[in-house]
Amino acid sequence: MFERHKALRYPANSRQQLWRYFPYDRLLDLLQSEELFFTHLPAFSDGLEGSLTLRTREHLTSWFRAQNNSNETSAWEEVKKYEENQAEFFASCWHMNKSESYLMWKVYAKRGIAVRSTFERVQASFDGFAGAITGGTVDYVDFTRERTPVGNVFNLVMTKDLPYFDEREFRLLLWKIDPRNVEIARQPKGIRVSANVRMLIERVFINPLSGPVPGELMEQLDRHKIVIDESSLKHR
């Protein structure tokens, strides 16, 4: 089940459109398994993912030194332990926008397909899941200049560096420490979460740069009665 958390921010409109850009094989897997894959946070390509900003690290180091009457090295070790909390999180990343994004097509699904949903549909799609899912909108800050809040583990995994601002990410989270999630099986790079696919996917859009949609994928889209649209992007 999806649960809101007071430390997270949410779209003001429950009908905010959320997009996910898939290679064909990833969407096929979702449709066949009816499970959404949540990637282990440390596996993300952003080298600053799940870490504190420079000024936040400095502030937290000073705090640990004062609290524990420790030296600089010991305080830094405590900061590193704090950042290791990211290892207990798994995420599914969506793009918030009122329309398709050429940038998202190019980066994540150059020869794939786009899934459109809404904030309310995404929440409802996990009603049958026995574990706990949460999530919210990602904050983008300058990791070299700004200081971010500490004391709540969600801040650690919902803050990204400014160069990623164009992603406008809505991030679904599974926290493995939650008692309702401890028994969920882990795979090498993530966790599979059962989802109501017909609720999760409002419709799909075909990339104008792609060739015909593979027959096996078309069969699965038909099976789930998911509407297929042509992209609004035009290419010569």
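Table for the structure above
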read-out	value
Matching residues, region 49-93, being part of a helix (DSSP H, G or I), under 30 Å from R20 (Cα atoms) and touching a Ser or Thr at 6+ places or on another chain (Cβ under 8 Å)	E83, Q86
Members of region 102-119 found to be more than 24 Å from M218 (Cα to Cα) and open to solvent by 30 Å² or more (accessible area, probe 1.4 Å), listed by number	L103
Single residue of region 33-48 satisfying the filter (assigned to a helix (DSSP H, G or I) and hydrophobic (A, V, I, L, M, F, W, C)) that is modelled with the lowest pLDDT	A43
Verdict on I191 being touching a helix residue (DSSP H, G or I) at 6+ places or on another chain (Cβ under 7 Å) and on the phi < 0 side of the Ramachandran plot	no
Qualifying position, being touching a residue at least 24 places away in the same chain (Cβ under 8 Å), among the acidic types (D, E) and closer than 23 Å to A185 by Cα, among E83, E88, E100	E88
Number of the exception - L27 against (1) assigned to a helix (DSSP H, G or I); (2) under 24 Å from D161 (Cβ atoms); (3) among the aliphatic types (A, V, I, L, M)	(2)
Residues that are among the β-branched types (V, I, T), modelled with pLDDT of 95 or more and either surrounded by fewer than 19 Cβ atoms within 10 Å (Cβ to Cβ) or within 23 Å of M104 (Cβ to Cβ) (or both), drawn from region 187-220	V193, V197, I201
Test: residue in region 168-179 that is surrounded by fewer than 19 Cβ atoms within 10 Å (Cβ to Cβ) and under 17 Å from the mean Cα position of the chain (by Cα)	yes
Check on V227, touching a His at 6+ places or on another chain (Cβ under 8 Å), of a type in the set (V, I, T) and closer than 22 Å to E35 by Cα	no
Residues located in region 3-23, provided they are touching a helix residue (DSSP H, G or I) at 6+ places or on another chain (Cβ under 7 Å), modelled with pLDDT under 95 and in a strand (DSSP E or B)	Y21
Tally of residues being open to solvent by 30 Å² or more (accessible area, probe 1.4 Å) and either modelled with pLDDT of 85 or more or not hydroxyl-bearing (S, T, Y) (or both) across region 65-101	21
Complete set of residues in region 120-145 that are under 13 Å from the mean Cα position of the chain (by Cα) and either crowded, with 19+ Cβ neighbours inside 10 Å or of a type in the set (V, I, T) (or both)	V122, I133, T134, G135, G136, T137, V138
Positions within region 221-236 being surrounded by 11 or more Cβ atoms within 10 Å (Cβ to Cβ) and either assigned to a strand (DSSP E or B) or among the hydroxyl-bearing types (S, T, Y) (or both), in sequence order	V227, I228, D229, S231
Test: residue in region 104-126 that is outside any strand (DSSP E or B) and within 27 Å of H59 (Cα to Cα)	no
L48 vs. criteria open to solvent by 70 Å² or more (accessible area, probe 1.4 Å), closer than 19 Å to F154 by Cα and either hydrophobic (A, V, I, L, M, F, W, C) or in contact with a helix residue (DSSP H, G or I) (Cβ under 7 Å, 6 or more places away or on another chain) (or both)	no
Criterion violated by L54 - all others in (1) open to solvent by 60 Å² or more (accessible area, probe 1.4 Å); (2) free of Cβ contacts under 8 Å to residues at least 40 places away in the same chain; (3) not acidic (D, E) satisfied	(2)
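The values are calculated or read from the model by the stated rules, or taken from the named source; none is laboratory data. None of these values were measured; they are calculated from a predicted model. Please note: Cβ atoms are built from the backbone with ideal geometry, for glycine as well, and neighbour counts cover all protein chains shown. Note: areas computed on protein heavy atoms with side chains; ligands, DNA, RNA excluded. Shrake-Rupley method; radii C 1.70, N 1.55, O 1.52, S 1.80 Å.
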